[in-house]
Protein chains: 2
Amino acid sequence: MLADAGIALTPAELEGIEVADFGLGRLEEIGLQLVVYVNTERVCAKELVLFPRQTCPEHRHPAVGATPGKEETFRCRRGIVHLHVEGEGEIVLRPGDQYTILPDTLHWFKAGGEGAVVSEFSTQSRDELDVFTDPRIVR
Amino acid sequence: MLADAGIALTPAELEGIEVADFGLGRLEEIGLQLVVYVNTERVCAKELVLFPRQTCPEHRHPAVGATPGKEETFRCRRGIVHLHVEGEGEIVLRPGDQYTILPDTLHWFKAGGEGAVVSEFSTQSRDELDVFTDPRIVR
C-alpha cells in the first residue's frame, strides 16, 4: 500500500514497520501499521497504514508535566479515512485532505473499503502515554 | 512533479504553491517551490520541489529568544538531493533517505538532474528569521 502511494522506504524501514493490535488480538479489525520517520523531543513524522475498514480506537494525548499533549495533523495520501474528533463529529479525509487534532482531544479513525495511507505530522510521540477509552487496550 | 511523486494536493494548495527566488531573480538556478501543509507554533510540514539542478542557498535557523532554532528533517521522495551541512560535508539523499539538520546549523542543497521532491518535517517555520550567507538574499 505504501509503494502504491508512491512512498519509498529503505530496507531498514520496511523491516521496522510497527504493527499495533492494541493488545486486543483483532488486528484486521482494530489496529494500525506505522512507519516512524523521525521522533525527536520536538518533532515527529510517521506514515500510518490502515487495512480496509481497520479502526484505530478512541484515545487522547494528555499533557505531560508542563508540556501540552501531542498535537497531530493527519494528511490523507491514499484511500479514505473517517476521522471522529471529540466535539467535531465525523470528518471524512480523502487524498490531499488534512485535519489538525488539538492536544488532549479524544479521536478515533477508520479506513474506508480500500484501506488508507495517512501522513502524521506532530510533536513528540510517546505512545505509551496515550489514554484509550477502552480499558482493555494496551499500547 | 508532485503528481508524479504520488502527492495529492487540493485545488487551494495547488494555487497556493510558494515560489521563492530569494530576491535574486535567477529562479531556475537558485530557488525553491514549496507547499506548506501545516505550520503551527509547534509543528511544520512542507513539500519542497526543486527544478533540475536548482539550489536552495546556504542558510541557518537561529534561536528566537529562549526557543532553539528550527530543527528540520528532510526526506527525499523523488529525484536526488545533494545536501551540504556545516561540519558534515555532502550528504546524498535518494528516495527514502532522510537527514535531520540541527538548529542553527548552516546548510544548503541542490537537486540532481531530474529535480527533486523533498518532505520537510520541522518545528515552527519562520522563514523571515532565516539567516542567509549571501547578504544579497531577501526571503
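Things to note:
- Expected 222 nm ellipticity per residue - DSSP helices of 4 or more, -39500 (n - 2.57), all of chain A, to 500: -500 deg cm²/dmol
- For chain A, built as a Gaussian network whose Cα springs stay under 10 Å, the top-fluctuating residue of A:LEU34, A:LEU14, A:LEU129: A:LEU14
- Along each principal axis, Cα extent of the stretch A:36-90, largest first, Å: 37, 29, 15
- Between B:ARG126, B:ARG42, B:ARG75, the residue with the greatest mean-square fluctuation in the GNM of chain B (Cα pairs under 10 Å linked by springs) is B:ARG42.
- The GNM of chain B, with springs linking C-alpha atoms under 10 angstrom apart, assigns the highest mean-square fluctuation among B:VAL43, B:VAL117, B:VAL35 to B:VAL43.
- Taking every alpha-carbon pair under 8 Å whose residues sit at least 6 apart, the stretch A:11-96 reaches a relative contact order of 17 percent.
- Rotational relation B to A, axis-closest Cβ in chain B, residue and distance rounded to whole Å: B:GLY6, 1
- Exam field: A:LEU24 pseudo-label spacings to other copies (7 Å along Cα-Cβ), nanometres: 5.3
- Each Lys or Arg adds one and each Asp or Glu takes one away; over the other residues whose Cβ falls under 13 Å from the Cβ of A:VAL35, this sums to -2.
- For the stretch A:66-105, radius of gyration divided by Kirkwood radius, i.e. Rg to Rh on alpha-carbons: 1.03
- Environment charge at B:PRO68 (Cβ cut-off 9 Å; Lys +1, Arg +1, Asp -1, Glu -1): 0
- Global size of the protein assembly as shown as Cα Rg and Dmax, reported in angstrom: 19.0, 60
- Position A:THR10, label points 7 Å along Cα→Cβ, spacing to each other copy in nm (shortest first, one decimal): 3.4
- Tail fraction, Cα-Cα pairs, the stretch A:93-139, threshold 14 Å, whole percent: 64 percent
- Each other copy holds its own label point for B:ARG126; taking that point as 7 Å from Cα along Cα to Cβ, the gaps run 2.6 nm, nearest first.
- Inter-centroid distance (Cα atoms) of the stretch B:13-41 relative to the stretch B:51-107, Å: 16 Å
- For chain A, the ratio of Cα radius of gyration to the globular rule of thumb 2.2 N^0.38 Å stands at 0.99.
Every read-out reported here was derived from the displayed coordinates using simple, explicitly stated rules and does not represent laboratory data. Predicted, not measured: the structure shown is a model, and the values here were computed from it. Heads up, the Cβs are rebuilt from the backbone with ideal geometry, glycines too, and the neighbour counts pull from every protein chain shown.
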